[in-house]
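Throughout, read-outs are computed from the coordinates displayed, never taken from laboratory work. What you are looking at is a predicted structure, and each value in this text was computed from that prediction instead of being measured. Cβ atoms come from the backbone with ideal geometry, glycine included; neighbour counts cover every protein chain shown.
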Amino acid sequence: MRINILTGPYEGNNYSFEYDITVGRDGSADLPLPLDLAISRKHLKLSFVNKKLIIEDLNSTNGTFIIYPGKIERVNNRREMSEFPVYIKIGNTVLEVLP
């Protein structure tokens, strides 16, 4: 999966992963974002199964949100997405996720 960071302290950074990842402030996360203090230490998990992106909120304090044109929805536990790109807001950071 490819991740482009669109807003927040890491704006402009791009990453590629060949495996499921965790995202959070903690240094043990596969994608650590310690400068965004509104992100939980272990915020979310991203994985691909059967060409679908699985987004799992890891009981974060401030929530995980999917941004759609004209609306934003909170992820309650887990969400599957099959249309790309997917825009995910955590803390002050927006991630663009592509397969």
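Could you list all residues from the stretch 69-96 that are hydroxyl-bearing (S, T, Y) and assigned to a loop (DSSP other than H, G, I, E, B)? Walk me through how you get there before you give the answer.
Initial filter on the stretch 69-96 (hydroxyl-bearing (S, T, Y)): 82, 87, 93.
Within the stretch 69-96, just S82 meets the criteria.
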- request: Tell me, please, whether a residue that is touching a residue at least 24 places away in the same chain (Cβ under 8 Å), surrounded by 15 or more Cβ atoms within 10 Å (Cβ to Cβ) and under 19 Å from D26 (Cβ atoms) can be found in the stretch 68-82.
  value: no
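Collect the residues in the stretch 42-52 that are outside any strand (DSSP E or B), free of Cβ contacts under 8 Å to residues at least 40 places away in the same chain and surrounded by fewer than 16 Cβ atoms within 10 Å (Cβ to Cβ), keeping them in residue-number order. Working first, answer last.
Quick first cut of the stretch 42-52, residues outside any strand (DSSP E or B) only: 42-43, 50-51.
Now restrict to residues that are free of Cβ contacts under 8 Å to residues at least 40 places away in the same chain: 42, 50.
The one that is outside any strand (DSSP E or B), free of Cβ contacts under 8 Å to residues at least 40 places away in the same chain and surrounded by fewer than 16 Cβ atoms within 10 Å (Cβ to Cβ): N50.
Can you tell me which residue among I55, I39, I3, I66 is closer than 21 Å to L98 by Cβ, β-branched (V, I, T) and not in a strand (DSSP E or B)? Working first, answer last.
Working: I55 fails: not in a strand (DSSP E or B); I3 fails: not in a strand (DSSP E or B); I66 fails: not in a strand (DSSP E or B).
After ruling out the rest, the residue left standing is I39.
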- prompt: (1) surrounded by fewer than 17 Cβ atoms within 10 Å (Cβ to Cβ); (2) free of Cβ contacts under 8 Å to residues at least 60 places away in the same chain: which one isn't true of R25, the others all being true?
  reply: (1)
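Go through the stretch 29-40 and give me each residue that's farther than 16 Å from G63 by Cβ and in contact (Cβ under 8 Å) with a residue 12 or more places away in the chain.
Initially, the stretch 29-40 is screened for residues farther than 16 Å from G63 by Cβ, giving 29-32, 34-35.
Answer for the stretch 29-40, where residues must be farther than 16 Å from G63 by Cβ and in contact (Cβ under 8 Å) with a residue 12 or more places away in the chain: A29, D30, L31, L35.
Would you call Y10 in contact with a strand residue (DSSP E or B) (Cβ under 8 Å, 6 or more places away or on another chain) and not in a strand (DSSP E or B)?
yes
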